[in-house]
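The values are calculated or read from the model by the stated rules, or taken from the named source; none is laboratory data. Because the structure is predicted, anything quoted here is derived from the model rather than measured. FYI the Cβ positions are ideal-geometry reconstructions off the backbone, even for glycines, and counts take in every protein chain you see. For accessibility, only protein heavy atoms count, side chains too; no ligands or nucleic acids. Shrake-Rupley method; radii C 1.70, N 1.55, O 1.52, S 1.80 Å.
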Amino acid sequence: MIHYFEGQLGHTFVIIAFVTSMLSAYAYFKGRNQDKEWTTFASKIFYVHVFSIIGIIGTLFYLITNHYFEYHYVFSHSSKLLPIYYQISCFWEGQEGSFLLWMFWNAILGVILIRTNNFWKAPVMFVVALTQVFLASMILGVVIFDIKLGSSPFMLLREVIDAPIFKTNPNFIPEDGNGLNPLLQNYWMVIHPPTLFLGFATTVIPFAYCIGGLLIGKNKEWIRPALPWAQFSAMILGVGILMGAYWAYETLNFGGYWNWDPVENAIYVPWLVLVASIHVMIAYKKSGSALKISMILVVASFLLVLYATFLTRSGILGNSSVHSFTDLGLSGQLLIYLLVFIALSIAFIVKRWKDIPSTKEETSPYSREFWIFMGAAVLCLMAFQVLAGTSIPVYNQVAELFGFELNMAPATDTYSAYSLPQLILSVLLAILSGTGQFFWWKKMDGKKLKEELRTPFLISLVISGLIIVIGKITEPYYVILLIACIYSIVANSKVFIGIAKSNIKLSGGSITHIGVALMLVGILFSSGYSKILSTNYTSMVWSSEFPEEVNKDNLLLFINEPRQMDEYSMIYRGIRKDTREDGFVDQNELTPTINPLKVVRKSERGTDTLTLINPENSYFEVEYHTEEGKQFTLFPRVQINTAMDMIVYSPDIKRKVNADMYTHVRTFPDPDQEPDWSEPQEIKVKIGDQFFINDYVATLERMEPVSNVEGTPLSSGDIAVKAVINLQGEYKDYDAEPVFVIRNKEYVGRIDDQVNDLAFRVSIQNILPQENAVVLAYQTTQKDWIIMEAVKKPWINLLWIGTFLLVIGFIVAIRRRYLEFVRMRDKGVEA
Amino acid sequence: MKTKYIGAIVIIGIAIAIIISMAGDASTYVTFGEAKKLSEKGFKKSIHVVGELPKTASGEIVGIEESPDKLSFKFEMIDENGVQQQVLHANPVPTDFIRSEQVVIVGSYQGDKFVAEKILLKCPSKYQEDPEFNS
């Protein structure tokens, strides 16, 4: 039965959300000059809007958790076996759901804005409601005059997919859904998108204060309430970006946390501009300069978020990104969204430009403003550098629009295209953030500066010298970056100690700067000095076709055969399944049951039923042994998703204080493919005899009658016998138990037994009672293997520690600016 | 005011330098024929070639040869002009290689061989799939 009502309800909520966003935007606009009546009315409408968004989410969630696969969204993103926390993440796997997530955050933020700030309510909420109009239109899913407006998550499968089955049976409902993309089945994917989208959503607030301020002629007063929000946004967005990096590091097989993928860049660029805008806003608050620049940067950071959305969702990056969305037919709508806000911002700024005060006096290099501008300029240049390269597909499209072919492709060498230029600009950033802080807190002149800087400079030279010698850093760029970062850490620490003595509440800036410098050091070591341990220099005959400089970065490991890799001896132990009761269990001990989650284990201890955590997942047990006899085991994973026909590998990481050992499997024998078996070999053995199978010592222990043969019911006239053959493997013994069945004294049945780890199978060919012997036949095949890459990433922990400091610094700063705002508000000053 | 203008000029200067270096780092989409010409002219950088894997009439992909140690492989690829070329790649065969609709190789000619440093696959199933229903 198709559940029509739920979908119609959801769609009704979508339409209500769209209409109320338009209505409230209009009403807030009317109420912009402290018109209480319009504003109150607008807020009421906005609450209806919030309610309808919650209604959409609730309805969609109801459809997902009840497995209503007649709905396209539920079918494409969910499945019956999916645990509840991944049912939550399949909610935002699709474009429609992620727009919904964005709208949800905007709605929540709207409520907070309505309740905290009376004076700014109308002009600010006008802009927020306006963004909601565009977002709601993305999921509207209605056709007006042949124009498709948005894509609704409440479409029925048959409305979206043109499958023949719907012609014969319009009420067809698939048994199960496609499920969640295996790449996204990771706990980071449950918490990372909401964080990132909260970051996305918060960028609208400083923008809304700025535009709202221009709207009502409060050209400079908007900065105070906007600043804590800008800081909050930068913090959340930064955390979201790093969570994404960490997710990529933990689950994607590329061996790093940053790939300069367009989707990653698209969010890094607005963040840099947002951070730059915070700096100039602070400069404005101190000295009254830089208002115009603050405005431009705040507006730019929001517009860049929209541009990023357009890039990643319009399908324009289809050829250059591995994880951008496919086009849902929304690219035109997204472009309009972007262009409207660009036009709106330019119009407002141009209109007020003459009234915006600008500083006339000379900016001296000894003033703090000078240093802040320099820092902001470097941040913007970093953003511009990444943006210029990421937009390459856009240039092609624009060129096409003017009728010529550009054919530009993204840079192939990401080091010289992004990493190196970013590194050079980071050096400037580190130096500026170290030195700028002294200007911030004291009045400086040439003599004083020398005095202040002498000690930090000397200390940082000594520390960097030591690190350079011990760490054998020879690359000149890295040496320079390291010295600059250490300088920034030492200088900011000195400033921090100074402030902490007087008023610790003001220390946000110095903590954040220390965090950034630490992050840079962590990036420098973990990326610049990451070392592939599994490099294979053995050039075989075949590989001589390759040019000499091509290394093979992977290692082939056969099961239970140790191989030396760098300082480690590596052993691959076979495939494991993750069970709820007993952790990792050898796959060879398990037999599947009808329930895909349940398996039966047969071992010496008897038979028991175990529950698999995820039947799609298998783990490769890989042991690392050092010469001193230390060892650790890693379990890189493979997910085989038949519904989506995907095989996804995920690495496993051994975390040490000074380095991460990162191991990922590249490929392994296809489990669906029957191996190539050798010609059968026959051997005659007596009970107790020792012989060899596939070079392993085997003993025929005994023969015993069997009363129960799996798969073949035995009748009274049947006789079944099994041979128990013990084999000594490299690390443990195995039993092979082939069965021989005589049915009605005439027909002979042979059931072979296979020992996967030792790569053979054996059957009883014949029983010779007179000789007290049996004839065994065995076949061998290639041993199980994996191809893996192992990478060592030194000092990556500095990156994560730096991140924590960054967040702490931001929290301290936000608290300070927020209290300042509250103080002013309660005094009744303009808010 | 003077420092302001100097600053602006410096920033614009760096921005121009960034654009120039971006254009220099950018690659191009070319065919095998153009790639060959480029390499003969001494162009050493990597380029993108878009193509498909050759198939038999029954839809089976042909021309993939794995090295004995499985750590590298070669394959045939047909570019948009229908030119077929053998490509070397020093990594194991990607899992979804034979399922890909379209292959983008990033690399360059080394003599008469094309060595791919990177292979990007476009799989029909990667993000959105039109399901087949059996009932």
Might you check whether a residue that is free of Cβ contacts under 8 Å to residues at least 12 places away in the same chain, within 14 Å of another protein chain (Cβ to nearest Cβ) and open to solvent by 20 Å² or more (accessible area, probe 1.4 Å) occurs anywhere in the stretch A:644-667?
yes
Enumerated helices (runs of 4 or more DSSP H) restricted to the stretch A:148-261, each holding at least 1 residues that are among the hydroxyl-bearing types (Ser, Thr, Tyr) and either surrounded by fewer than 24 Cβ atoms within 10 Å (Cβ to Cβ) or in contact (Cβ under 8 Å) with a residue 12 or more places away in the chain (or both):
A:165-168, A:188-202, A:204-216, A:223-251
Selection from the stretch B:83-105 of residues that are within 12 Å of another protein chain (Cβ to nearest Cβ), farther than 20 Å from B:ASP69 by Cα and open to solvent by less than 50 Å² (accessible area, probe 1.4 Å):
B:SER100, B:VAL103, B:VAL104, B:ILE105
When the stretch A:609-643 is examined, which residues are found to be free of Cβ contacts under 8 Å to residues at least 12 places away in the same chain and outside any loop (DSSP other than H, G, I, E, B)?
A:GLN631
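Step by step: first the residues of the stretch A:725-780, then only those that are among the basic types (Lys, Arg) and within 48 Å of the chain's Cα centre (by Cα), then the one that is modelled with the highest pLDDT. Which residue is that?
Of everything passing the filter in the stretch A:725-780, A:ARG761 is modelled with the highest pLDDT.
Is it the case that the stretch A:207-224 has a residue that's hydroxyl-bearing (Ser, Thr, Tyr) and within 16 Å of A:ILE278 (Cβ to Cβ)?
At the first step, the residues of the stretch A:207-224 found to be hydroxyl-bearing (Ser, Thr, Tyr) are A:209.
Now restrict to residues that are within 16 Å of A:ILE278 (Cβ to Cβ): A:209.
Yes, some residue in the stretch A:207-224 is hydroxyl-bearing (Ser, Thr, Tyr) and within 16 Å of A:ILE278 (Cβ to Cβ).
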With respect to B:ASP69, is the statement that it is among the acidic types (Asp, Glu) and facing another protein chain (nearest Cβ under 7 Å) true?
yes
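Among the residues that make up the stretch B:50-63, is at least one of them part of a loop (DSSP other than H, G, I, E, B) and within 14 Å of chain A (Cβ to nearest Cβ)?
Keep residues of the stretch B:50-63 that are part of a loop (DSSP other than H, G, I, E, B), which gives B:53-54, B:56-60, B:62-63.
Subset that is within 14 Å of chain A (Cβ to nearest Cβ): none.
No, the stretch B:50-63 has no match at all.
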So which of A:VAL280, A:VAL275, A:VAL299 is assigned to a helix (DSSP H, G or I), away from chain B (no Cβ under 14 Å), more than 18 Å from the chain's Cα centre (by Cα) and closer than 22 Å to A:LYS218 by Cα?
A:VAL299
Anything in the stretch A:617-643 that is within 14 Å of chain B (Cβ to nearest Cβ) and out of contact with any Pro (no Cβ under 6 Å at 6 or more places or on another chain)? List them, or say none.
A:SER618, A:ARG637, A:VAL638, A:ILE640, A:THR642, A:ALA643
For residues that are under 15 Å from B:LYS113 (Cα atoms), polar (S, T, N, Q) and either open to solvent by 10 Å² or more (accessible area, probe 1.4 Å) or under 16 Å from the mean Cα position of the chain (by Cα) (or both), tally how many sit in the stretch B:44-82.
1
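Tally time: how many residues in the stretch A:406-421 are over 26 Å from B:VAL49 (Cβ atoms) and surrounded by fewer than 17 Cβ atoms within 10 Å (Cβ to Cβ)?
Residues of the stretch A:406-421 over 26 Å from B:VAL49 (Cβ atoms): A:421.
If we keep only those that are surrounded by fewer than 17 Cβ atoms within 10 Å (Cβ to Cβ) too, we end up with none.
Qualifying residue count, the stretch A:406-421: 0.
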First in the stretch A:521-549 and within 14 Å of chain B (Cβ to nearest Cβ) and surrounded by fewer than 15 Cβ atoms within 10 Å (Cβ to Cβ), second anywhere and part of a loop (DSSP other than H, G, I, E, B) and modelled with pLDDT of 75 or more, Cβ under 8 Å, 6 or more apart:
A:MET540/B:SER67; A:MET540/B:PRO68; A:MET540/B:ASP69
Residue list for the stretch A:781-805, restricted to those being of a type in the set (Lys, Arg) and either under 21 Å from the mean Cα position of the chain (by Cα) or part of a helix (DSSP H, G or I) (or both):
A:LYS792, A:LYS793
